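For reference, the structure discussed in these notes is given below.
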Amino acid sequence: MFLGIEIGGAKLQLGVGAAQDRTLLAIERASIDPQHGATGILNQIETIGSALLARFAVRRIGIGFGGPVDVARGLTLKSHQVDGWNDFPLVDWCRRAFDKPITLGNDCDCAGLAEARLGAGRDQRVMFYVTVGSGIGGGLILDGQVYRGNGVAAGEIGHLRPGLHADRPDETVESLASGWGIAAAAQARLADPISHPLKSLQGGKRALKPDDVRQRLIDLEEADEEYAADLRERCSGRVEQLTAKHVAQAAADGNEMARDVIAHACQALGWGIAQTITLLAPQVVVIGGGVAQADEALFLNPLRQQIDRYLFPPLLHTCKILPAALGEDVVVHGALQIAAMP
């Protein structure tokens, strides 16, 4: 029996299972408060993990961490959502807390491994996994094994810089298309005056008279105010607490402002996935994470269109874009996989 731990930017999960199939004997979930930093998460892990070890005869523990890790030294190198993880000796800490052998991996590598062995990428030789949640990460799986590159970081699709002018570390695909990026974009739309491109005012092929253009602008502004009011209502007027989940639900309900935010996120992520396919030519790309659980017509189908838009033409239709099969437990399943490795 093994214990798998997922440490994300917004959630913590601990599950117990035997690793050879999708069965989990127990799963415990907890929300993460970034204000409490790594120390708060470690306290949660110790409390929940000790209770699970008291119930089950766990032999080894695997950890999928939401950020780059040094597997050889057992260190977390950084979290892009929670402070306190820089060069943290997580394996040593867990060994002291639980007195069990510990294996550490990146959360996307773990999730990719689980999807390759048990999920949507099963029986595929080359699979790339993308998670779209509070952050965006990726993992390359070759012949059922994680590709680790130089041992520090590989497959970090969320940290691609979209364009020649994106020369700062924070100007990334993740900043535009992650859950936090989507929320930030929506918050910015609510804070800034809304402008409309000329083509949106012209009314199609027939040129409009100046009075018609002015009326069209008034109509658009009134509609935008309605969409903005809808978003504010969903977060009880506290715009700083607007989340990607609020935005996705509003988009599903027909809010055009929210739909525009989601569409821009799909464009940025589609660009990143297209670059990855062009370089690696995988047989399948599996998309997981909380944001990716939105309605397929709202997220996955537009994402496929954006991938095709940016992809190297000879590779069009050579790679399947599939939703993850293991749901929100995918990183736990992957952590169980690495825990079970000799």
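The values are calculated or read from the model by the stated rules, or taken from the named source; none is laboratory data. In this text, all values refer to a predicted model and were calculated from it rather than measured experimentally. All Cβ positions, even for glycine, are placed from backbone atoms using ideal geometry, and neighbour counts span all protein chains on display. Remember, those area values only see protein heavy atoms, side chains included, never the ligands or the DNA or RNA. Shrake-Rupley method; radii C 1.70, N 1.55, O 1.52, S 1.80 Å.
How do 280-286, 266-272 rank on mean C-beta neighbours within 10 Å, highest first? Show your work: numbers first, answer last.
Numbers: 280-286: 20.3, 266-272: 23.9.
With the highest mean Cβ count within 10 Å placed first, the list reads 266-272, 280-286.
Through the Karplus equation 6.51 cos²θ - 1.76 cosθ + 1.60, θ set to phi - 60°, convert the phi angles of segment 281-286 into ³J(HN,Hα) values in whole Hz; use x for Gly and Pro.
Once rounded to whole Hz, the list reads 6, x, 7, 8, 10, 9.
Could you work out Rg/(2.2 N^0.38 Å) for segment 85-196, with Rg from alpha carbons only?
Against the compact-globule rule of thumb, the ratio is 1.35.
So what's segment 24-130 giving for Cα Rg divided by 2.2 N^0.38 Å, two decimals?
Relative to the 2.2 N^0.38 Å estimate, segment 24-130 comes out at 1.14.
Kindly write out, for segment 313-319 in residue order, the coupling ³J(HN,Hα) from the Karplus curve 6.51 cos²θ - 1.76 cosθ + 1.60 (θ = phi - 60°), rounded to whole Hz, with x marking Gly and Pro.
Calculated HN-Hα couplings, in order: x, x, 9, 4, 6, 9, 10 Hz.
Amide H to amide H, which residues 5 or more places from G17 or on other chains are under 5 Å from it, using H placed in the peptide plane?
When sequence neighbours closer than 5 places are left aside, the close amide H contacts are F2, G4, L25.
Just name one of V130, P89, P169: the one whose Cα is farthest towards the positive end of the charge dipole of segment 34-182 (beta-carbon charges, Lys/Arg +1, Asp/Glu -1).
P89
As a check on your grasp of the helix formula, calculate [θ] at 222 nm for the chain: sum -39500 (n - 2.57) over DSSP H runs of n ≥ 4, divide by the residue count, round to the nearest 500.
Theoretical 222 nm ellipticity from helices: -13500 deg cm²/dmol.
Please list the non-local residues whose amide H lies under 5 Å from the amide H of K11, H modeled 1.01 Å from N, same-chain partners needing a gap of 5 or more.
Long-range HN contacts for K11: I32.
Find the Rg to Rh ratio for segment 125-177, where Rh is the Kirkwood radius over alpha-carbon pairs and Rg uses the same atoms. Spell out each step's value before the answer.
Values: Rg = 12.4 Å, Rh = 12.0 Å.
With Rg and the Kirkwood Rh in hand, the quotient comes to 1.03.
So which chymotrypsin sites (Phe, Trp or Tyr not before Pro) in segment 53-109 are both in a DSSP loop and have at most 15 other Cβ atoms within 10 Å of their Cβ?
F56
Filter K100/K245; K245/K320; K78/K320 down to the pairs with a C-alpha to C-alpha distance above 30 Å, please.
Over 30 Å apart, Cα to Cα: K100/K245; K78/K320.
Can you give the FRET efficiency for D99 and Q145, using 1/(1 + (r/R0)^6), R0 = 22 Å, r = Cβ-Cβ distance, to the nearest 0.05?
Working: r = 29 Å, r/R0 = 1.31.
After rounding to 0.05, the efficiency reads 0.15.
Give me the percent of the accessible area of the chain that comes from carbon and sulfur atoms, probe 1.4 Å, all protein chains in place.
Carbon and sulfur together cover 51 percent of it.
With the crude spin-label approximation of a point 7 Å out along Cα→Cβ, what separation in nm comes out for D192 versus R59?
Modelled inter-label distance: 5.5 nm.
Taking a 1.4 Å probe, which of E171, E240, E328 shows the most accessible area, and what order do the others take after it?
The ordering from most to least exposed comes out as E240, E328, E171.
What is the list of residues in segment 112-129 whose amide nitrogen lies under 14 Å from a point 7 angstrom out from the Cα of K320, following Cα to Cβ?
115-128
Just order 111-121, 72-82 by mean Cβ neighbour count inside 10 Å, highest at the front, would you?
111-121, 72-82
Can you give the Rg to Rh ratio of the chain, both from alpha-carbon atoms, with Rh computed by the Kirkwood formula?
A ratio of 1.02.
Angle between the Cα long axis of helix 210-234 and the longest principal axis of the chain, 0 to 90 degrees, nearest 10?
Compared with the principal axis, the helix lies near 30 degrees.
Using 1/(1 + (r/R0)^6) with R0 = 22 angstrom and r between the beta carbons of R122 and A281, what's the FRET efficiency to the nearest 0.05? Could the numbers behind the result be given before it?
Working: r = 19 Å, r/R0 = 0.87.
Efficiency at R0 = 22 Å is approximately 0.70.
In terms of modelled amide H atoms, which long-range or inter-chain residues lie less than 5 Å from the amide H of N106?
Under 5 Å from the amide H of N106 lie the amide H atoms of F65, each far enough along the sequence or on another chain.
Once the piece of chain linking Q249 and M1 is laid out straight, how much longer is it, given 0.36 nm per residue of separation minus the C-alpha distance between them? Write down the numbers at each step before the final one.
Working: separation 248, 0.36 × 248 = 89.28 nm, distance 3.87 nm.
Result: 85.4 nm gained on full extension.
Using a Förster distance of 35 Å, how high is the FRET efficiency between A229 and D295, based on the Cβ-Cβ distance and rounded to 0.05? Walk me through the numbers before you get to the answer.
Details: r = 23 Å, r/R0 = 0.65.
About 0.95, to the nearest 0.05.
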